[in-house]
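To keep things clear, I will list the structure first and then write my remarks on it.
The values are calculated or read from the model by the stated rules, or taken from the named source; none is laboratory data. Predicted model only: the values in this text are computed from it and were never measured. Quick reminder, even Gly has a Cβ in these numbers, built from the backbone with ideal geometry, and neighbours come from all protein chains shown. SASA here: full protein model, heavy atoms, side chains in, ligands and nucleic acids out. Shrake-Rupley method; radii C 1.70, N 1.55, O 1.52, S 1.80 Å.
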There are 2 protein chains.
Amino acid sequence: MPNPATSAAQPLAGVRIVEISSFVAAPLAGMTLAQLGADVIRVDPIGGAADYRRWPLTDDGESIYWTGLNKGKRSVTADLRAPAGQLLVTRLITDGSILLTNAAGRDWLDYDALTATRPDLIQLEILGRTDGSAAVDYTVNAATGFPLVTGPADHEGPINHVLPAWDLLCGVYAALAITAAVRHRDATGQGSRITLALEDIALATAGNLGFLTEAALCGRQRPRVGNAIYGQYGQHFTSADSICFMVVALTPRHFRDLTELTGSTAAVDALAADFTDEGTRYRHRDVLTGLFTPWFRERTAEEIGTALAKTSVLWERYRSFEELATDPRVTANPLFTLLRQPGIGEYLAPGSPISVNGAHIPARPAPRLGEHTESVLRDRLGLSTESIAALHMSSIVANEPPQRAAR
Amino acid sequence: MPNPATSAAQPLAGVRIVEISSFVAAPLAGMTLAQLGADVIRVDPIGGAADYRRWPLTDDGESIYWTGLNKGKRSVTADLRAPAGQLLVTRLITDGSILLTNAAGRDWLDYDALTATRPDLIQLEILGRTDGSAAVDYTVNAATGFPLVTGPADHEGPINHVLPAWDLLCGVYAALAITAAVRHRDATGQGSRITLALEDIALATAGNLGFLTEAALCGRQRPRVGNAIYGQYGQHFTSADSICFMVVALTPRHFRDLTELTGSTAAVDALAADFTDEGTRYRHRDVLTGLFTPWFRERTAEEIGTALAKTSVLWERYRSFEELATDPRVTANPLFTLLRQPGIGEYLAPGSPISVNGAHIPARPAPRLGEHTESVLRDRLGLSTESIAALHMSSIVANEPPQRAAR
């Protein structure tokens, strides 16, 4: 009987995954599965994939981004263009029996070929578009409708999100799809062939939230309304000392508290509208914001925070990444633990945001590129020391990161 | 032996979930689990939860939003303030053995109380913050750092995302956590108590992507750079006929193709920088954009699209929700099927974005509020027709949506 606490927190213990990936979605999927207890081996070409130098970088040019999205994995590097390298990797895949990749369309990773030796393979391919054509978060996002309704009402042109939201969603959907397929295989012995298109994630979401349906059925779409919330009352306000706050009144109680706090009750009553209805609060947003603004403008951020905390109103102070990094919600949050990351330094790193039986799985370091090549070939594929040395000599595999060019 | 195609696509068949929810994260989690084959019963107070009238609305005032996020579930309504209503719902929960909720802190949904009758319960609670205090996507987002670096470089003040990205991510993480816990229970018979804080999802993501780490280790953070991509070359351009395009060059090949297409090769070479390095492309983004802009400004959107399609460059035309709703990427996409949604109409609705063995699970209608109250009480809890009638008489349960007030 396994330790109950350990295994509830690591429900994918014993699951073995090979990840051939780059950028955000597939690496996040692999990291998320590793946080659930899976053994995830990220396989890269010697020297690293296209994301190995992605920003943000340290002052020494090491990728904070890469280590951030590959925590808790093992790393194997091989010459993925050489038949001998491909053969080794396909042996790793069929040994582990789960392949997670965004490297679609490579013959040697073909589902039919892999299932010839491993019929119960679970293969998950992340595509740009469902037809196999290339797309990335920033291009997918352009077609979704969101950038044209983001930002100030009087702004012309698109405003892209900074958060790569589609990549992130796609990554967690991928982890979900693999976990569900594992459950199916546990029960039936059958594998699954899964594809996820980044564009489909975005289209499904625009549909699920009703924005496409509103356009299709009503012949109109939601307008660009700045930081207001469509169909609700929410707005940002600025304090006397120039700090911004987001303030949201989702319920009649929130709204009543906000009008009382800002001394606007009589003026709001004089509008003679039914503000228990969220649509009414939205339609009157401009005059409401006008009524509430002086209260914020005449107070410091500290005064505002103290006063809002005594109400039911939903609110938050805007923070920069720099402010957030030293805020108690990071420094005193059990989600974050001190991580010593080779090549990067020591910092507070997030573990799994999923808390099971009261605890988060803490962050583990990302591997150095190629760190586990030798041990994986030996322990997984049973290769002898001599065979591994020969593969090194012929540059089919590599153990260490290459020298980085000075920049 | 179950039909292999059906069960790989429905790996959660036989899993029974009670969802007590509102807004985005928990309803999306439930819908996602239903798309994987789980039987999801959404339980609401009589008259609906706080999200029952959320925008977008049809011209008749019906919530497109609510039906969009509750597709494929069953609906039970009960008086959740009355002990008799609470008792019925706890019986449903212990019968199904999985509770998904964002209604944290209610005594009658206490984990210890529920596990007294159902020791293998899986309970997933979505919180605003990890300390149990309230927060919603819009307030969580304010603290993450993203709004202060979104939008035009010369903009002052925050720009919120329109996509409720944290809610969406939280919903898919929740579906993942439940699926993993089901696998653990299949193997060990043990339940799990899971919590997910919306704020933790956001903080973990800001950390995973490196933005917090950059601030913590390097004492600086990424700037606001408009629609440019931090650390890469990407920008939006406008055609002669005022259509915007997002254009991205992630690799040296993309970049070479973009310079050749726009006739900028000689001018780019004259900059005498190593543009095979993504950071160099980013640092020179303003002059590069200046060099590329005339080519776009002098061509129609159609000419631009035709020319870009012949290159490796990643690109997309910006579209409104209205344009997208009639675009072939929706109308000719197997992800979307015609859905007849009572109360809303007939429209193309997205199924599961996860394609298994070559097929998507198509969209199923959302229930009418309370539609399944009677059948669930009868079939799940074994209540007699007389008992159900008595519960109706005393307004402990309801079968039909209440009359909607004219608006």
Ranked highest first by average number of other Cβ atoms within 10 Å, how do A:352-358, B:109-115 line up? A:352-358, B:109-115
PRE reach from A:ASP327 (point 7 Å along Cα→Cβ): which of segment A:235-253 fall under 15 Å by backbone N? A:237, A:243-248
May I ask for the net charge around B:ILE388, where only other residues with Cβ less than 9 Å from the Cβ of B:ILE388 are counted and Lys, Arg are +1 while Asp, Glu are -1? -1
Sort A:THR213, B:THR238, A:THR385 from largest to smallest accessible area, using a 1.4 Å probe on the heavy atoms of the protein chains. A:THR385, B:THR238, A:THR213
accessible surface per residue for the protein assembly as shown, probe 1.4 Å, DNA/RNA/ligands not counted, whole Å² -> 36
Under the definition of Cα pairs under 8 Å and six or more residues apart, what whole-number percent is the relative contact order of chain B? 19
Order by protection proxy (mean Cβ within 10 Å, highest first), peptides B:38-49, B:388-399: B:38-49, B:388-399
Length gained, A:THR293-A:ARG220, 0.36 nm per residue minus C-alpha separation, equals 23.2 nm
Test item: B:166-172 mean partner chain Cβ contacts at 10 Å: 5
Segment A:73-227: relative contact order in percent, alpha carbon pairs under 8 Å with at least 6 residues between: 26
With every protein chain left in place, what is the accessible area of A:ASP107 in Å² (1.4 Å probe, nearest 10)? 130
Note the distances from A:THR251 to each other copy's matching label point, with points 7 Å along the Cα-to-beta-carbon direction, in nm, sorted shortest first. 5.2
Taking the Cα centre of the protein assembly as shown as origin, work out the dipole magnitude from +1 charges on Lys and Arg Cβ and -1 charges on Asp and Glu Cβ, in debye rounded to 20. 940
Within segment B:248-407, what whole-number % of the accessible surface is contributed by carbon and sulfur, with the 1.4 Å probe and all protein chains included in the calculation? 51
With x for Gly and Pro, the residue-by-residue ³J(HN,Hα) of segment B:149-161, computed from phi through the Karplus equation 6.51 cos²θ - 1.76 cosθ + 1.60 at θ = phi - 60° and given in whole Hz, is 10, 9, x, x, 4, 8, 6, 10, x, x, 10, 6, 6
Over segment A:244-317, relative contact order from alpha-carbon pairs under 8 Å, at least 6 apart, %: 54
In nm, what is the difference between 0.36 nm times the number of residues separating B:ARG91 and B:GLU156 and their Cα-Cα distance? 18.1 nm
Starting from a label point 7 Å past Cα on the Cβ side, list the distances from A:ARG340 to the same position in the other copies, nm, shortest first. 6.7
Separation of segment B:168-198 and segment A:168-246 by C-alpha centroid, Å? 19
Taking the Cβ-Cβ separation of A:ASP274 and A:THR337 as r and a Förster radius of 60 Å, what is the calculated FRET efficiency to the nearest 0.05? 0.75
Would you tell me the mean number of C-beta atoms belonging to other protein chains that fall within 10 Å of each C-beta in B:81-89, as a whole number? 0
Partner shielding of A:126-133, as the mean number of partner chain Cβ atoms within 10 Å, equals 2
Would you be so kind as to identify which of B:PHE245, B:GLY61, B:SER355 lies farthest towards the positive end of the dipole of chain B, taking Lys and Arg as +1 and Asp and Glu as -1 on Cβ and the Cα centre as origin? B:SER355
On complex formation of A with B, accessible surface lost, both sides summed, probe 1.4 Å, nearest 100 Å², amounts to 12300
Could you pull the copy-to-copy label distances for B:ASP110, with points set 7 Å along Cα to Cβ, in nm to one decimal and sorted shortest first? 6.2
Sum up the charges of everything whose Cβ sits under 12 Å from the Cβ of B:THR90, counting Lys and Arg as +1 and Asp and Glu as -1, but leave B:THR90 out. 0
Nearest 0.05, what FRET efficiency do B:ALA50 and A:ASP286 give at R0 = 25 Å with Cβ-Cβ as r? 0.55
Starting from the Cα-Cα distance between B:THR306 and B:ASN357, subtract it from 0.36 nm times their residue separation and give me the gain in nm to one decimal. 15.0 nm
